[in-house]
Amino acid sequence: MLAKNASKVGPRYPQVVILVGATGDLSQRKLLPGLFHLCSTGFIPGCRIIGVSLDDLDPDGFRRIARQALDQFSSRKVDEADWAAFAATLNYVPMSAGACALAAAVEEAERSLAGESRRVHYLSVPPGAALPAVRLLAEAGLVPQSRIIMEKPFGTDLASARSLNARLHEVFDEEQIFRIDHFLGKEAAQNILAFRFANGLFEPIWNRNFIDHVQIDVPETLGLGKRSGFYETVGAFRDMVVTHLFQILAFVAMESPTALEPAPISEEKNKVFRSMSVIDPRNVVRGQYTGYRSEEGVDPESDTETFIALKCAIDNWRWAGVPFFLRTGKRLAEGQRIISLAFREPPKSMFPVGSGVGAQGPDHLTFDLADASKMSLSFYGKRPGPGMRLDKLSLQFAMHDTGLIGDVLEAYERLILDAMRGDHTLFTTAEGIERLWEVSIPLLESPPPVRLYPPGSWGPKSIHQLVAPHAWRLPFERAWRDPNPVGA
Ligand code: BG6
């Protein structure tokens, strides 16, 4: 079904997408379902997709993989007529066929589209495979009229990120490069910008005078499935922290940009990264879930972390002295993606001992970054009845309640569309990424030992020392209010 205003927000020209890593995990889970949704709802005014990967497949084999991916991973029902139209846009060239075969497939795709079109190369490959893919595209003469979306992690340390940027710039201009971090495409992440900068209410208290500490906590219940080969070379810090969690931290911590445009937003984010103190390995807990080492594709003596928690600092006027605690890991007790700001407590209390004031932690502002996003502001209020007993209450907002949840684009969909339109606002920059690798040097050079944790837990025990005297916000003491209570 066509989406409202789809043709107005989509790219001007039809697009030929060269999807490198087309049979991989990300492509199956997100990119193919996302492209399907964008095509079938009319956001792209004409599209051809050429899958490229190491697998020796023919176009029909690729179509079968794409269909299975949609059936398994699309969050929306697949309409058969839409599928037939989408399947007709798919083609496939195995990497082994080389640059000439790829160039021929792109030429054929472009000929089949009426009039002018643009190319989007999507590199959904591990860090080591990025440059060979770039060389293939250059050899095939596919650089003109194109944009290139690069998946994270962008390099694996400062030296490799710098060299990747330098080599990339030999082929593509910076204007053509879109370094993707899909957390920035999440509706809820962009809502942080709206919340902070479209209201006069919170910004005045958004600083060290009122905020005690911040947590960005992204535990996952997921294990590694077929990704252990990739993950083993990367680990939780490179997979999640130096990428997604730091990018979200920048949205939480940055000053107000002068405009909602790429340069002012990147400038403010990069200022946050420049103010970040280098990471002290003593403020880091690395963990690995028991059983990881016996998984297929994992070194039996692997030192790769599947969990990481760390304390970071932003040493500027707004945030000096406010710790930012970050945590993420695989096979943990719950899947959540929250940002939580704890406010300072009042300096004095007139309430008698035992009234409950402060007993349930500080006031919190909490953002849930799920597609169906939520926000909550918790505070103390009086429990009804005689005397003065205090309880933790909350004001909550759930996207579900707006009736607009169907309009939410998934993060990858939003960002693919932005790249096709040439809009860099929600993409990361070379400077920002290089600075993040720079602050990571002490940790990458002397990582603390990995500590085992049982699957289904919240990580190694030492996470509590890391946040003391504070406490981890998760697991929540009080659940989110159910937006659709039974019987409502
Ligand atoms: C990816 C990581 O970038 O983000 C995965 O490589 C992780 O390991 C995923 O599971 C989480 O994304 P989301 O959108 O499901 O929160």
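Out of all the residues in segment 140-157, is one or more farther than 16 Å from VAL234 by Cβ, out of contact with any Lys or Arg (no Cβ under 6 Å at 6 or more places or on another chain) and in a helix (DSSP H, G or I)? Among the residues of segment 140-157, not one is farther than 16 Å from VAL234 by Cβ, out of contact with any Lys or Arg (no Cβ under 6 Å at 6 or more places or on another chain) and in a helix (DSSP H, G or I), which makes the answer no. Listed by position, the helices (runs of 4 or more DSSP H) contained in segment 388-461 that have at least 3 residues being closer than 24 Å to LEU260 by Cβ are 411-420, 430-439. The numbered conditions (1) of a type outside the set (D, E, K, R); (2) surrounded by fewer than 16 Cβ atoms within 10 Å (Cβ to Cβ); (3) part of a loop (DSSP other than H, G, I, E, B); (4) at pLDDT 95 or above are all true for THR304 except (2). Is one or more of the residues making up segment 182-200 under 25 Å from PRO469 (Cα atoms) and either within 14 Å of the ligand (Cβ to nearest atom) or in a helix (DSSP H, G or I) (or both)? No, segment 182-200 contains no residue that is under 25 Å from PRO469 (Cα atoms) and either within 14 Å of the ligand (Cβ to nearest atom) or in a helix (DSSP H, G or I) (or both). Does segment 203-226 include one or more residues that are away from the ligand (no atom under 12 Å from the Cβ), of a type in the set (S, T, N, Q) and not in a loop (DSSP other than H, G, I, E, B)? Yes, the conditions are met somewhere in segment 203-226.
Of everything listed in (1) touching a helix residue (DSSP H, G or I) at 6+ places or on another chain (Cβ under 9 Å); (2) at pLDDT below 95, the single unmet condition for LEU222 is (1).
You will find that of VAL78, VAL134, the residue that is over 18 Å from ILE18 (Cβ atoms), away from the ligand (no atom under 16 Å from the Cβ) and either in contact with a Leu (Cβ under 8 Å, 6 or more places away or on another chain) or among the β-branched types (Val, Ile, Thr) (or both) is VAL78 and no other.
Only residues that are more than 24 Å from VAL322 (Cβ to Cβ), assigned to a helix (DSSP H, G or I) and in contact (Cβ under 8 Å) with a residue 40 or more places away in the chain were counted in segment 237-276, giving 3. Within segment 2-31, the set of residues being closer than 25 Å to ARG135 by Cβ, away from the ligand (no atom under 16 Å from the Cβ) and outside any loop (DSSP other than H, G, I, E, B) comprises GLN15, VAL16, VAL17, ILE18, LEU19, VAL20.
Any residue at all in segment 373-391 that's of a type outside the set (Asp, Glu), under 30 Å from ILE180 (Cα atoms) and either within 16 Å of the ligand (Cβ to nearest atom) or over 24 Å from the mean Cα position of the chain (by Cα) (or both)? The answer is yes; a qualifying residue exists.
Only one of the numbered conditions (1) touching a residue at least 60 places away in the same chain (Cβ under 8 Å); (2) basic (Lys, Arg); (3) over 30 Å from TYR122 (Cα atoms) is not met by ARG414, and that is (3). Residues in segment 309-325: is at least one of a type in the set (D, E, K, R), assigned to a loop (DSSP other than H, G, I, E, B) and within 16 Å of the ligand (Cβ to nearest atom)? No, segment 309-325 contains no residue that is of a type in the set (D, E, K, R), assigned to a loop (DSSP other than H, G, I, E, B) and within 16 Å of the ligand (Cβ to nearest atom).
A quick yes/no check of all residues on (1) among the aliphatic types (A, V, I, L, M); (2) closer than 26 Å to ALA166 by Cα; (3) not in a helix (DSSP H, G or I):
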{"residue": "ALA69", "(1), (2), (3)": "yes, no, no"}
{"residue": "GLN72", "(1), (2), (3)": "no, no, no"}
{"residue": "ALA97", "(1), (2), (3)": "yes, no, no"}
{"residue": "ALA105", "(1), (2), (3)": "yes, no, no"}
{"residue": "ALA109", "(1), (2), (3)": "yes, no, no"}
{"residue": "GLY128", "(1), (2), (3)": "no, yes, no"}
{"residue": "PRO132", "(1), (2), (3)": "no, yes, no"}
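Note on segment 326-371: residues that are within 15 Å of the chain's Cα centre (by Cα), hydrophobic (A, V, I, L, M, F, W, C) and either in a loop (DSSP other than H, G, I, E, B) or under 30 Å from ASP407 (Cβ atoms) (or both) amount to 5.
Residues in segment 238-261 that are in contact with a Lys or Arg (Cβ under 6 Å, 6 or more places away or on another chain) and within 16 Å of the ligand (Cβ to nearest atom): THR243 alone.
The values are calculated or read from the model by the stated rules, or taken from the named source; none is laboratory data. Here the structure is a predicted model, which means the values were calculated and not measured. Methodologically, a virtual Cβ is constructed for each residue, glycine included, from the backbone with ideal geometry; neighbour enumeration extends over all protein chains shown.
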